[in-house]
Amino acid sequence: MSRTATRDVLKVLILMRYRSYFKRFRHELYIFQMCIILSTRTYIYRFDRTFSLGDIHVLNRVTRYHWPIFLAAMKGSQKSEIRAYIKARGALKIPAIKIRKELCDIYGSSAVSLITVRRWLNKFQNGKTSVEDSDRSGRPRFQVSEANIAAVKKLVEGDARYTVKDIAGYVGISSAAAHKILTHHLGLRKLCARWVPHLLTKEQKTHRVKCARELLKTYKNCANKRIFELLTGDETWIYYFEPQRKIKNKVWIDQNRNRPIIAKRSQSAKKVLYAIFFNCHGPVVQVATPSGRSITGTFYKNNVLKKVKNYYLKRRPKTGIRHICLIHDNAPAHKSKIVQDYLLQETINQLPHPPYSPDLSPCDFFLFPRLKKMLSGRRYNSRNALGSAIYQCLNSIPKADYFSAFRSWIARLEKCVSVKGEYFEGMK
């Protein structure tokens, strides 16, 4: 008999010797705990002292917090232990009925049936030596081998979009085996691709890093007074009706109730293009374009930038808009000659902004998503009603959040440098 089988038999015999103590406990899980404690002891056959009830209480306290691990181990080894015991007692010519009774005293009345005991006694009497099940015909449940691992790795390296079912079919293994190879042996996980605004070229990444480093020289320290001279703005479409985000429809319900239903809504066809500017102190201006018109250089200068100038003249009568540092993107209206001349005339410092970089624009990563979230779920019937709602939403955002947006902008510049110009949102 092998060393493992010998220990299994010894463990069962020890349990039989002290089964009177186990009867004092109310639930059979204590018996299982004791089984595991005895099986993990080194050299079981060296136990030469008698257990007391206090000893069993100590073992119970030790195993209380490790019970899930013990139970999992017990389920896997219990069959082998029972079969080893049947083999040993059968060799001593003990009847099947008596063997089953002894096993039921230890493992419980449902541990093994009389038919099973007789079947295994017959197997051992006919020459079977192993207590494990014989190999069966058909494909094994798991087919994890070095060759299959290499084949799966080659498939995934060729096309990472294969499903587990596809891989199992190509390699000729079960889906369970394919999944085990992918996760346990290759250490892979399947994720959706990350959406980015643009597939950046090497030159564009280099330009993003260059602009970020240039800006960080001036604005890296959030306590720097120059951060209060920052002004940013951009254009965005605002719909008369913006559907609520799906997460807004989540509710707490009873387990016996069906989840509520809500009609699916789509964005309204009617929309207005707004130009919105803000600084560290809050919103500066909001300008709606006339219906059917887009923002041109002339409109941007006369209707947007001049309103921004008036805002600063009221608050800084002596200096006005001079030496304000403007952050805006590279839209054609912003880069038009008439706008560039006006910025130079008013001594407005235009900060560099790399192309295809909404992740570095405070309007795109802070203001517009928050504004549209606040407007969602409400329907507006006129431009005036929509404009009034936008004004209220912009002024309801705390001033500290506007200041935090510029601190986030600085943190994003640092992140852009650290990832060498790549888009970093959603990246670890």
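The values are calculated or read from the model by the stated rules, or taken from the named source; none is laboratory data. Because the structure is predicted, anything quoted here is derived from the model rather than measured. Glycine gets a Cβ as well: all are built from the backbone with ideal geometry, and neighbour counts include every protein chain shown. To get the accessible areas, we keep the full protein, side chains included, count just its heavy atoms, and leave off ligands, DNA and RNA. Shrake-Rupley method; radii C 1.70, N 1.55, O 1.52, S 1.80 Å.
The residues of the range 170-203 that are part of a helix (DSSP H, G or I) and open to solvent by 40 Å² or more (accessible area, probe 1.4 Å), listed by number, are 170, 175, 176, 179, 180, 183, 184, 185, 202, 203.
Filtering the range 119-129 down to residues that are touching a helix residue (DSSP H, G or I) at 6+ places or on another chain (Cβ under 8 Å) and buried (at least 17 other Cβ atoms within 10 Å of the Cβ), which residue is nearest to residue 81 (Cα to Cα)?
First, pick out the residues of the range 119-129 that are touching a helix residue (DSSP H, G or I) at 6+ places or on another chain (Cβ under 8 Å): 120-121, 124-125.
From what is left, the residues that are buried (at least 17 other Cβ atoms within 10 Å of the Cβ) are 120-121, 124.
Numbers: 120: 13, 121: 14, 124: 15 Å.
Top of the filtered list is 120.
Which residue, of 253, 261, 247, is part of a helix (DSSP H, G or I) and within 31 Å of the chain's Cα centre (by Cα)? Write out each step before concluding.
On the way: 253 fails: part of a helix (DSSP H, G or I); 261 fails: part of a helix (DSSP H, G or I).
Among 253, 261, 247, only 247 is part of a helix (DSSP H, G or I) and within 31 Å of the chain's Cα centre (by Cα).
Scanning the range 266-282 for residues that are surrounded by fewer than 19 Cβ atoms within 10 Å (Cβ to Cβ) and either under 17 Å from residue 327 (Cα atoms) or hydrophobic (A, V, I, L, M, F, W, C) (or both) returns 269, 272, 273, 280, 281, 282. Counting the residues of the range 74-100 that are open to solvent by 50 Å² or more (accessible area, probe 1.4 Å) and at pLDDT below 85 gives 3.
Taking every residue in the range 239-260 that is among the charged types (D, E, K, R) and pairing it with any residue that is modelled with pLDDT of 75 or more, at least 6 positions away or on another chain, the pairs with Cβ-Cβ distances below 6 Å are 242/372; 242/375; 242/376.
This table checks each residue for (1) at pLDDT below 85; (2) touching a Cys at 6+ places or on another chain (Cβ under 9 Å); (3) within 24 Å of residue 358 (Cβ to Cβ).
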| residue | (1), (2), (3) |
| --- | --- |
| 236 | no, yes, yes |
| 256 | yes, no, no |
| 264 | yes, no, no |
| 279 | no, no, yes |
| 312 | no, no, no |
| 316 | no, no, no |
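Would you say residue 238 is part of a strand (DSSP E or B) and not basic (Lys, Arg)? In short, yes.
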